[in-house]
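Take a look at the structure below.
Just so you know, all these numbers are worked out from the coordinates, no wet-lab data involved. Please read these numbers as outputs of a predicted model, since none were measured by experiment. So basically every Cβ, Gly included, is an ideal-geometry build from the backbone, and we count neighbours across all protein chains shown.
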Amino acid sequence: MVSIVHRTIPQAPLQHLLKAGQPPLLARLFAARGIMNAQQLDINLGQLLPPQTLTHNQKMAQLLADAIAARKKLLVIGDYDADGATATAVAVKGLRAFGADVDFLVPNRFEYGYGLTPEIVALAAKQQPDVIITVDNGIASVDGVNTANALGIQVLITDHHLPASETPAAACIINPNQHGCTFGSKHLAGVGVMFYALLGLRSELRERGAYVHNPEPNLTALLDLVALGTVADLVKLDENNRILVEQGLRRIRAGGCSHGIIALMKVAGKDSTRACAQDLGFYVGPRLNAAGRLDDMTLGIQCLLASTEAEAFQLSKKLHDLNLQRRSIESEMQDTANVILDESVVAKQFSISLYQPDWHQGVIGILASRVKERHHRPVIAFADAGDGMIKGSGRSIAGLHLRDALDMLSKQSPALIVKFGGHAMAAGLTIRLADFDAFTQGFERVVRSLICESDLQAMLEVDGSLSEDEMTFQSAQLLESQVWGQGFSPPMFYDQFEVMHQRVIGEKHLKLSLKPVSSHALVDGIFFNQTEMLDQHIQAAYQLQTNCFNGAQKVQLNLRYVVVS
């Protein structure tokens, strides 16, 4: 059962936003999301937090500038998700624009694991780099950095993950979440951190007189990639990140973006001239992620770096096909998980740990997310990793910091977890197959000590009702023009309806004609992944959307949760 919670609307901020000229609908939505004044909605690039305020970024800039001046060979080591792919592309494009000799390496996750491991350093060393630059990884790579140092390779770390107690002995680390960093936003994605490194490098080169006679590289040309990685990595869209995403979306809509992003939107059936944050999260990101999940993220990075439309389209087709394969694998794994899980047993648990020997390592994170959505409990799904090891990917619920929970368990049982890392809401780990039962019991014990039974009640936050005058195509356009996402949730409304007509389309979705109880007008609705017919009278949580089909433009209600009236 889902508990419907209506967001509160602080009146003082609401009145301030209305006086500043915000439309009433947006004013109440912004006020309910913590916006106190109109200045917080300024999305001009001049409002970005200054690059020199990111701890150690000036030192990073000096080291990069020195390396470029000395014509040193730079090698970017990326991660295998969309954030890592976009961060790698931003690093390569940006550093080349500054004249650097730079290439990239993204090791296969199934062979080399996560982070700058000694094995990855050994692989990288074959290219004889002078400097390794990590993007979206490295903060936990103590052994890998030691290996690189022993080989005489300088390591520069750009990351955003939470650090452990020991910090790698890199030449420089920039990470808003590292110990002692006073940067005003802790929510930069890995791609955002790399973008800030480039901003710092440009400032350093200005001071060195590099642009007295030459034009500066236009770093805003990279913001489409920054926007994609930021949205796809589900970091909180605070004020700083909303600026990065909005500015990137503007460039995508105007066609001033990478061929790869346009191609990925095209194969997903989306119009890049009308791109919104949800398109990046639900359509572009998954296709890019498919490469890292099933194969090698090199394919995804090559797509983002493609120099022609034709090259980008060919690569995007391969990514699209991989995503179809991923969805098929995911569906089979979900079916298995549904069979394994006994609803009555799950109801008595505070956590869920799952393992099947034939599950795909690259898809267990998605599986964990789906199981969490269904049962509203922290979930860790494991797959076989060979040599008696299994790798897990976890997803959490509000109230439980997943990485901290794993850290607590590792302190209580030091031999249980081989390695782990991650965020509050997502984490990865490796354990021995023989320890799966012990882990399951230990994780359950830790979770029970950190949350209470009420935390297991799923809640759906809604923004109240829409009037007949607000339930329009123009209102939907207005909402879709804004940046919504993690920590700045897309608007969800709640109203009573009479179902006038309904039919199943595409074998798995309900197409609806609805009449709000407060109106005589009919409005179209869609209820995805629902084939069971609804009662005549319902209460529904829904999103207001535009629907353009065969040249006709209509407003549509995307039903997300239905209660029988």
Exercise. Among the trypsin sites (Lys or Arg not before Pro) in the range 500-565, which ones are in a DSSP loop with at most 11 other Cβ atoms within 10 Å of the Cβ? Mind listing them?
Key: 508
Quiz item: Counting other Cβ atoms within 10 Å, which GluC sites (Glu not before Pro) in the range 467-553 have at most 12 and lie in a DSSP loop?
Solution: 468, 507, 532
Practice problem: Let me know the shape class of the range 382-473, please: from the alpha-carbon gyration tensor, a ≥ b ≥ c as square roots of the eigenvalues, rounded when a/c is under 1.5, otherwise prolate if a/b is greater than b/c, or oblate. | Solution: prolate
Quiz item: So for the pair residue 454, residue 97, with labels modelled 7 Å out along Cα→Cβ, what separation do we get in nm?
Solution: 5.0
Quiz item: Extent of the range 235-321 along each principal axis, from alpha carbon coordinates, in Å, largest to smallest?
Solution: 35, 26, 21
Quiz item: Hey, rough spin-label estimate for residue 531 and residue 164, points 7 angstrom out along Cα→Cβ, what's it come to in nanometres?
Solution: 4.7
Quiz prompt | Student exercise, the range 143-284 dipole from Lys, Arg, Asp, Glu Cβ charges, in Debye to nearest 20 | solution = 500
Exercise. Please say if the range 430-565 is rounded, prolate or oblate, where rounded means a/c under 1.5 for a ≥ b ≥ c the square roots of the C-alpha gyration tensor eigenvalues, and otherwise the choice is prolate for a/b larger than b/c and oblate otherwise?
Key: prolate
Exercise. Please get the size of the charge dipole for the chain, origin at its Cα centre, with Cβ charges of +1 on Lys and Arg and -1 on Asp and Glu, quoted in debye to the nearest 20.
Key: 780
Exercise. Find which of 433, 144, 231 sits farthest along the positive direction of the dipole of the chain, computed with +1 on the beta-carbon of Lys and Arg, -1 on that of Asp and Glu, about the Cα centre.
Key: 231
Self-check item: Three-way shape call for the range 111-150 based on the alpha-carbon gyration tensor, with the a/c threshold at 1.5
Solution: rounded
Self-check item: Total charge dipole magnitude, the range 209-364, about the Cα centre, Cβ charges on Lys, Arg, Asp, Glu only, Debye to nearest 20
Solution: 420
Self-check item: Positive dipole terminus of the chain, leading residue within 542, 118, 56 (C-beta point charges)
Solution: 56
